[in-house]
Amino acid sequence: MSSGSLAPAGNSPRCCALRVAVAGSRPAAQLPGWSDAAQVRRVRAVLRGMPPLVRPHEVDALSARLAAVARGEAFVLQGGDCAETFAGNTEAHLRGNLGLLTAMAAELGRRTGLPVVRLARMAGQFAKPRSAIVDADGLPVYRGDMINGFAADPAVRAPDPERMLRAYGASSAAIDFLHTAGGGPVFTAHEALVLDYERALLRRGPNAWRHPYSGSAHFLWIGERTRDLDGAHIAFAELVANPVGVKLGPRTTPEEAVEYVRRLDPHRVPGRLTLICRMGARHVRDVLPPIVEKVSASGHEVVWQCDPMHGNTITAATGHKTRYVEQVMNELAGYLDVHKGLGTFPGGVHLEMTGDDVTECVGGDVAEPDLGTRYETACDPRLNSHQARSLVAGITL
Ligand code: PEP
Ligand code: MN
């Protein structure tokens, strides 16, 4: 399959420029609140001149693999940090996360008998949507290294547009690592959140009249907090030739889900859209079935993916934000049962995990009082490799 089939006939470059302009006029949630507009313009201009981090032919290769997932002929494993950091962009950390992703993909391949697409939350996952504007100390909340710093200091927490250039540089180094150490294709993915960055990295594909390609990652998704159908993020996702995802939380209605499908897969390209379900263990068995039924009835061939992390976040007695592996497993089991019951293909999983020996989620070798021992995440709690690999054992198709 070629992603070129996404484009309606007669879609001119001028039309694309116009679409960027239209997308730019929509309200954008979770804006960083840069203070110096001229500096943002300068940074965007620098980014526009940079080489893309990913190439159209690689993006098309991922589109072809996701089409196979949509048809039930392959499985997709997506995983990595909740938030990558500049300080954590070391060879050791990248190697650990890639190694875990690769080992789990191999195990999933053995269990399912299907090819497994490795989609890394790596090389670009540097910005975070947040529920609050200020933290417990009254400081502007940390929004990811692409925007501000983690340290509890007002100067560090001020959004700094130059960080977009550092994010580009760190992503570039990480992609280079994935190319050399990946042992075959590893595709990159992050949340398309900071539209100043994402728009500046749009590039024309080989056919200028087609939709522009994102040069920032092979796959982009729109998060639960920015998926407003009238907002700028969905308009951005409509624009790109890359395969895209949308997170669906527990309040998603079947009608809304079909509207995403209609908007983001207008040309009915199998695998163009991934619906990333993150309902929570308590809700998945009730909320998911009518959504899957209505989307299936629409005839669009989407990739279904389970993110069993984000609907199961709690605060432990120690004060740490955490997740119980048992709840993560329960959501995954519910998700698989729903698809089994409806005869649809469960497509893939999406995990926050790291090869580092962290104590951020509770389960296996980590009890609740242990959370503080090696709690290293810059944002959400990740599964360590034991915990992540124990999940794979629950996957049967
Ligand atoms: C995430 O994937 O880190 C995230 C913020 O997810 P969600 O948008 O589903 O809350
Ligand atoms: Mn997260």
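A few notes on this one:
- Placing dummy labels 7 Å off each Cα toward the beta-carbon, the span from residue 57 to residue 367 is 5.6 nm.
- Residue separation of residue 342 and residue 256 scaled by 0.36 nm, minus their Cα-Cα distance, works out to 29.0 nm of gained length.
- Vicinal HN-Hα couplings computed from phi for region 391-396 (Karplus, 6.51 cos²θ - 1.76 cosθ + 1.60; Hz; Gly/Pro x): 5, 4, 5, x, 9, 10
- Rg/Rh ratio calculated on Cα atoms of region 160-225 (Kirkwood radius): 0.99
- Efficiency of FRET between residue 172 and residue 386 - r from beta-carbon atoms, R0 35 angstrom, step 0.05: 0.65
- The alpha carbon centroids of region 135-209 and region 36-84 are separated by 11 Å.
- Amide H contacts for residue 274 (H built 1.01 Å from N in the peptide plane; partners 5 or more residues away or on another chain; cut-off under 5 Å): 244, 245, 246, 303.
- Residues whose amide H falls under 5 Å from that of residue 351, counting only those 5 or more places apart or on a different chain, are 78, 79, 80, with hydrogens built in the peptide plane.
- Additional length obtainable on full extension of the chain from residue 95 to residue 31, 0.36 nm per residue less Cα span: 19.9 nm
- Candidate lysines - alpha carbon under 21 Å from residue 294, same-chain residues fewer than 8 apart omitted: 247, 340
- Using only side-chain charges placed at the Cβ, +1 for Lys and Arg and -1 for Asp and Glu, the dipole size of the chain relative to its Cα centre rounds to 1340 debye.
- In sequence order, calculated HN-Hα J values of region 347-362 (Karplus, 6.51, -1.76, 1.60; Hz; x Gly/Pro): x, x, 10, 9, 10, 9, 7, 8, x, 6, 7, 9, 10, 10, 10, 9
- Dipole-positive endmost among 72, 97, 57 within the chain (Cβ charges, Cα centre): 57
- Prolate/oblate/rounded call for region 167-317, Cα gyration tensor, a/c under 1.5 rounded: oblate
- Gain in span if fully extended, residue 230 to residue 71, counting 0.36 nm per residue against the direct Cα distance: 54.2 nm
- Along region 315-332 the Karplus relation, 6.51 cos²θ - 1.76 cosθ + 1.60 evaluated at θ = phi - 60°, assigns HN-Hα couplings of 9, 6, 4, 6, x, 6, 6, 8, 9, 8, 4, 4, 5, 4, 5, 4, 5, 4 Hz to successive residues, with x for each Gly and Pro.
- Peptide ranges 56-69, 213-226, 367-380 listed from the most packed, as the mean C-beta count within 10 angstrom indicates: 213-226, 56-69, 367-380
- Sites residue 38 and residue 133, calculated FRET efficiency, Cβ-Cβ separation with R0 30 Å, nearest 0.05: 0.80
- Inter-label distance, nm, simple model (7 Å from Cα along the C-beta direction), residue 48/residue 151: 3.4 nm
- Cα-based shape type of the chain, given that a ≥ b ≥ c are square roots of the gyration tensor eigenvalues and the cut on a/c is 1.5: rounded
Any read-out appearing in this document is the output of simple, stated calculations on the displayed coordinates, not a laboratory observation. Not measured: the values here are computed from a predicted model. Using ideal geometry, Cβ is built from the backbone for each residue, glycine included, and neighbour counts are taken over all protein chains shown.
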